[in-house]
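Worksheet for the structure shown next.
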Amino acid sequence: GAGVSQSPSNKVTEKGKDVELRCDPISGHTALYWYRQSLGQGLEFLIYFQGNSAPDKSGLPSDRFSAERTGGSVSTLTIQRTQQEDSAVYLCASSLKRAGLAADTQYFGPGTRLTVL
Amino acid sequence: AQSVTQPDIHITVSEGASLELRCNYSYGATPYLFWYVQSPGQGLQLLLKYFSGDTLVQGIKGFEAEFKRSQSSFNLRKPSVHWSDAAEYFCAVGPYILTGGGNKLTFGTGTQLKVEL
């Protein structure tokens, strides 16, 4: 079946512009995660959505970052007033979160490479 | 706070040689452990995972990993490396028992594997 898809695959923007990154999770997966992969920082958790619960935003680095998940499926990560340090690969993952269990396997998309000039 | 250490940033092995990638973790509860592989320009692919049972787990592509609680380690091994195994490998830890923060994974900084023909 189809995996996690992300768009665009590459995004080049100018400092100060806003960007939107999109993630389409695997159909039926209720949990969705955003991570950031940058040089020298490795992979960092950003935000987590689970069903209709309030998202866990504990990993967002600043209030310029926000995300939403519409209809329990597609998610958009928005970065406002981009800075050069926002340059990174943004990875989305989804999992089939089953009641009573903890970490299900997270399946990752190919990522969006963001370059802020 | 949880952490994952992959002490080897780069490893070079000859094709056909055996491989061991090291991973040490620090986690305050029962961990759920993963190894992912990332090829250039690709997302993360799950190699294997462990949360209970036999401490030696088998994964895809001929990889295996051994969980050693006393050493807080989860090293990845392969008896005979193929040139196509050249990639970056990430160890990750997540909660086995669900916490309020969801199942966010903490990743190591990765080990870049080069295979010499």
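General observations
- Residue in region A:55-71 that is more than 10 Å from the chain's Cα centre (by Cα), more than 23 Å from B:P95 (Cβ to Cβ) and charged (D, E, K, R) present: yes
- Residue within region A:4-21 that is more than 9 Å from chain B (Cβ to nearest Cβ), buried (at least 18 other Cβ atoms within 10 Å of the Cβ) and modelled with pLDDT under 95 present: no
- Members of region B:10-47 that are of a type in the set (A, V, I, L, M), within 14 Å of chain A (Cβ to nearest Cβ) and either without any contact (Cβ under 8 Å) to a residue 60 or more places away in the chain or surrounded by fewer than 16 Cβ atoms within 10 Å (Cβ to Cβ) (or both): B:A29, B:V37, B:L44, B:L46, B:L47
- Any hit, region B:55-72, residues being basic (K, R) and at positive phi: yes
- Residue-level check: of (1) within 13 Å of chain B (Cβ to nearest Cβ); (2) out of contact with any Leu (no Cβ under 8 Å at 6 or more places or on another chain), A:F49 misses just (2).
- Residue in region B:54-72 that is surrounded by 13 or more Cβ atoms within 10 Å (Cβ to Cβ), under 19 Å from A:S95 (Cβ atoms), within 14 Å of chain A (Cβ to nearest Cβ) and out of contact with any strand residue (DSSP E or B) (no Cβ under 6 Å at 6 or more places or on another chain) present: no
- Complete set of residues in region A:47-87 that are assigned to a strand (DSSP E or B), touching a residue at least 40 places away in the same chain (Cβ under 8 Å) and small (G, A, S): A:S75
The values are calculated or read from the model by the stated rules, or taken from the named source; none is laboratory data. For clarity, every value in this text was computed on a predicted model and none was experimentally measured. Ideal geometry is used to build each Cβ from the backbone, glycine not excepted, and the neighbour counts take in all protein chains shown.
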